[in-house]
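The values are calculated or read from the model by the stated rules, or taken from the named source; none is laboratory data. Given the structure is predicted, the values throughout are model-derived calculations rather than measurements. All Cβ positions, glycine included, derive from the backbone under ideal geometry; neighbour counts span all protein chains shown.
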Amino acid sequence: MPVDTWFPLAVYYEDLADANNHKKQLIDASLQLEKEGYERRAFPEMAWTGDLHGAEQIHIDPRFSWIVGQVEVHVQQYLQTLGLDLNQIDLYIQRAWPVISRHQQEVGSHSHNTAHISAVYYVSVPNSGSDEAGSLVFFDDVRPNEVSPGLGSENTNIIASWNYLNQDQAMYLPTEGRLILFPAKQRHGVTMNHTEGLRISLSFDVVLTAKPGSAAGSYEFLPPPPQQWQKFGGI
Ligand SMILES: [Fe+2]
């Protein structure tokens, strides 16, 4: 009895060959930004995230130029894999920030609502390749096979066995040197760092815009070129 499965979520990842050569500089720069950032404004169990603490522009910081270049290369490969015509699109890194998770810290579930593609790069991970320092978890909010809403919730045990047809989340073990790309709207979170070490990652938000004068339909489905925008009061 065949069962077909449809509508996959496409998560792209690549282990960057040159990772070790850049590790120290990226750690040092991330910790420096943490030190210089706003006074901590998150709950103690939440990881330090640069976007909440005034450190959300590492994409224009020369200390991060290597990883910015890698994000640019791999986002284009990802979008080509998704079947997009890159000739009709301009790509921007909108914001980018370090995330530093210490012992018993995590990142709650969220989406990157102002971007189209999100990226995470693992700079430094204690017990890399295991879940001990905190895994990236994607949550499925569509639940196409949950035949009655809530059937898979933690308040029942009606689902007798979890398998790939009813799974409601997908987990990626944090792996040093790995770059992961995913649709920014996909809800996700990071599980707790149970190690005593620092788990340092970098997050990037990428926006697609239509190229000027490009094909019909692009301005309806992508933001028009930012250089055509007019800020209030400018005319
Ligand atoms: Fe995130």
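Quick notes
- Single match in Gln94, Gln105 (criterion: over 26 Å from Pro44 (Cβ atoms) and of a type in the set (S, T, N, Q)): Gln94
- Qualifying residue in the range 169-177 (condition: closer than 21 Å to Ala55 by Cα and either more than 16 Å from the ligand (Cβ to nearest atom) or at pLDDT 95 or above (or both)): no
- Those residues of the range 35-58 which are in contact with a Phe, Trp or Tyr (Cβ under 7 Å, 6 or more places away or on another chain) and either surrounded by 16 or more Cβ atoms within 10 Å (Cβ to Cβ) or touching a residue at least 60 places away in the same chain (Cβ under 8 Å) (or both), in sequence order: Thr49, Gly50, Asp51, His53, Ala55, Glu56, Ile58
- Here the condition is being in contact with a helix residue (DSSP H, G or I) (Cβ under 8 Å, 6 or more places away or on another chain) and either surrounded by fewer than 19 Cβ atoms within 10 Å (Cβ to Cβ) or hydrophobic (A, V, I, L, M, F, W, C) (or both); of Leu165, Leu179, it holds for Leu179 alone.
- Filter result for Gln104 (at positive phi and surrounded by fewer than 15 Cβ atoms within 10 Å (Cβ to Cβ)): yes
- The C-beta contact set for the range 20-34 (first residue closer than 14 Å to Ala55 by Cα, second residue modelled with pLDDT of 95 or more and in a helix (DSSP H, G or I), distance under 6 angstrom, 6+ apart or interchain) comprises Ala29/Arg63.
- Hey, Ala210 over 25 Å from Pro44 (Cα atoms) and away from the ligand (no atom under 11 Å from the Cβ) or not: yes
- Looking across the range 86-104 at every residue that is in contact (Cβ under 8 Å) with a residue 24 or more places away in the chain and more than 18 Å from the chain's Cα centre (by Cα), the one that is farthest from the ligand (Cβ to nearest atom) is identified as Asn87.
- Among all positions in the range 114-133, there is at least one residue which is among the aromatic types (Phe, Trp, Tyr), touching a strand residue (DSSP E or B) at 6+ places or on another chain (Cβ under 9 Å) and away from the ligand (no atom under 12 Å from the Cβ).
- Candidate set: the range 69-85, residues that are touching a residue at least 40 places away in the same chain (Cβ under 8 Å) and more than 13 Å from Leu208 (Cβ to Cβ); chosen: the one surrounded by the fewest Cβ atoms within 10 Å (Cβ to Cβ): Thr81
- Some residue of the range 36-45 being within 18 Å of Leu16 (Cβ to Cβ), out of contact with any Asp or Glu (no Cβ under 6 Å at 6 or more places or on another chain) and among the charged types (D, E, K, R): no
- The range 179-228 - residue that is of a type in the set (D, E, K, R) and over 19 Å from the mean Cα position of the chain (by Cα) and, of those, modelled with the highest pLDDT: Glu196
- Any hit, the range 144-154, residues being surrounded by fewer than 19 Cβ atoms within 10 Å (Cβ to Cβ) and touching a residue at least 40 places away in the same chain (Cβ under 8 Å): yes
- Test: residue in the range 156-163 that is within 18 Å of the chain's Cα centre (by Cα) and not aromatic (Phe, Trp, Tyr): no
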